[in-house]
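Take a look at the structure below.
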Amino acid sequence: MVFVGMDHGTTGVSFTVLDDEPVHFKIGRVQLSRGEVSAMNELFKRVDPEKIDLMAITYAMGDGISKITPIGKVVDRGILSIEGAGKVTGGGTFVYDEIEQSQIPTILIPGLHKNSESLDPRFRAAYSHQASAEKVSICYNAHLETGFQDFIVADISSNTVSILLEDAKIIGAMDACLGAMGIIHGPLDLEMIRDIDEGIKTANQCFSQAGAVKVAGLDEEVTRAREVLLQRYQLGDFKAKLAMDTMLMTILMEIWGLNGISRKNLEGVVMTGSVGSLREPYDFYGRLAEDLENVGECVLLPPTSGSMGSAQIARDVFQGAKEILGIKAEQF
């Protein structure tokens, strides 16, 4: 049996083919948005489409559905709107449409939002949106890899989202516009709210400049911001160092906050993402692990955790799982 998972990320679309040995590949947003590459052609170079039993994918915020849903039953690609969700880098829509037209049995994974019945009602009441669908995939991979039941997942890259799980069910999460900084995205502070009210910037423009780039004074494309920031850090740039230290502080605040409201003694914190896994030139993972020692074991997942988790969801739903991390799965 063969299963495929897709992670619809900010800088690219990643796939995992779950066969005897997993096969991972990623296609950059620029290539996709320019039409230079077909995601399905790339997939079919690695696996015979007739051998794929089920594919599980994520798309954008995933706030138009609340269950793991067969793609044929999904309306508007499972989203309410693409507006106000950060920088739209393009390409993902083409991939979704290719998959839909391929006739491969496919399920769509939902994001976490106010209509997600599996979440703690207090999180649903407080926040309309908490995490995009790929965070569900990452959490599932984290659960299977570590065996943890009660833990926090922190996905740290262009944005930062931290998710709380208890008894292997997602309780709630903090989205990038609410809590910790990522490289690009971050919470809206008072100065930004004033800029919005005065018509200087849109809310989405503020959100897309509220991460570490704000502190460092950078205005770079999403795909280059991390590298430019780290280059400046290596050159001893004060603002770049302050940006990394500030991002680290906000992430620690977020994780400790989720730990503080948990009803369980957490087993650990699982980190992933292009920044969460960073060891050089700035040891982001090491510093987080040191400061979170009292929370539990700190575990690092590879960047493939999102697509791998999607493939694992496809496998387990195909084999009869009725829910994943508390999220119901419709029969495909």
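Every read-out reported here was derived from the displayed coordinates using simple, explicitly stated rules and does not represent laboratory data. The structure displayed is predicted, hence computed values, not measured ones. Note: ideal-geometry Cβ built from the backbone for every residue, glycine included; neighbour counts use all protein chains shown.
Taking each DSSP H run with n ≥ 4 as -39500 (n - 2.57) and averaging over every residue of the chain yields -10500 deg cm²/dmol at 222 nm.
Of all lysines in the structure, those lying under 27 Å Cα to Cα from K241, and not within fewer than 8 positions of it along the same chain, are K87, K201, K214.
Between helix 222-234 and the chain there is an angle of about 40 degrees, using the helix long axis and the longest principal axis of the Cα atoms. Measuring against 26 Å, Cα to Cα, the residue pairs K26/K135; K264/K328; K135/K239 contain K135/K239 as the ones spanning a longer distance. Taking amide hydrogens as placed 1.01 Å from N in the peptide plane, the amide H of M55 sits under 5 Å from those of V4, T106, I107, each at least 5 positions away in sequence or on another chain. Put in order of Cβ neighbour count within 10 Å, fewest first, the listed residues V213, V270 become V213, V270. Anyone know which of D167, D20, D120 comes out most mobile in the 10 Å Cα GNM of the chain? In this elastic network of the chain, the residue with the biggest mean-square fluctuation among D167, D20, D120 is D20. With the Cα gyration tensor of the range 19-87 giving a ≥ b ≥ c as the square roots of its eigenvalues, does the rule (a/c under 1.5 for rounded; else a/b larger than b/c for prolate; else oblate) give rounded, prolate or oblate? Verdict is oblate for the range 19-87.
Restricting the calculation to Cα atoms, the chain shows an Rg/Rh of 0.95 when the hydrodynamic-style radius is the Kirkwood one.
Students often forget the sequence filter, so: which aspartates and glutamates lie under 16 Å Cα-Cα from K114 once same-chain residues fewer than 8 apart are removed? Correct list for K114: D63, D175.
The length gained on full extension between Q331 and R263, counted as 0.36 nm times the residue separation minus their Cα-Cα distance, comes to 21.2 nm. When only the Cβ of Lys, Arg, Asp and Glu is charged (+1, +1, -1, -1), the dipole of the range 272-332 relative to its Cα centre reaches about 340 debye. Compute the angle between helix 133-146 and the longest alpha-carbon principal axis of the chain, please, reported from 0 to 90 degrees and rounded to the nearest 10. Approximately 80 degrees, to the nearest ten.
Here the gap between D189 and E36, fully extended at 0.36 nm per residue and compared with their Cα-Cα distance, gives a gain of 51.2 nm.
Result for the chain in a Gaussian network model with C-alpha springs under 10 Å: among E100, E166, E50, the largest mean-square fluctuation is at E50. Going by neighbour counts of Cβ atoms within 10 Å, the residues I104, I171, I324 line up, fewest first, as I104, I171, I324.
Going from the fewest other Cβ atoms within 10 Å to the most, the residues Y59, Y233 appear in the order Y233, Y59. Residues with beta-carbon under 11 Å from that of D19, excluding D19: net charge, scoring Lys, Arg +1 and Asp, Glu -1? Around D19, the surrounding residues sum to -1.
Taking I196, I152, I99 in turn, the Gaussian network model of the chain (Cα-Cα springs below 10 Å) assigns the largest fluctuation to I196. Pop the C-beta distance of D197 and K241 into the FRET formula with R0 = 30 Å and round what comes out to the nearest 0.05. So, using R0 = 30 Å, E works out to roughly 0.40.
Dipole check for the chain: with +1 at the C-beta of Lys and Arg, -1 at the C-beta of Asp and Glu, and the Cα centre as origin, the magnitude is about 340 Debye. How tilted is helix 238-261 with respect to the longest principal axis of the chain? Cα atoms for both, answer in degrees (0 to 90, nearest 10). With both axes taken from Cα atoms, the answer is about 60 degrees.
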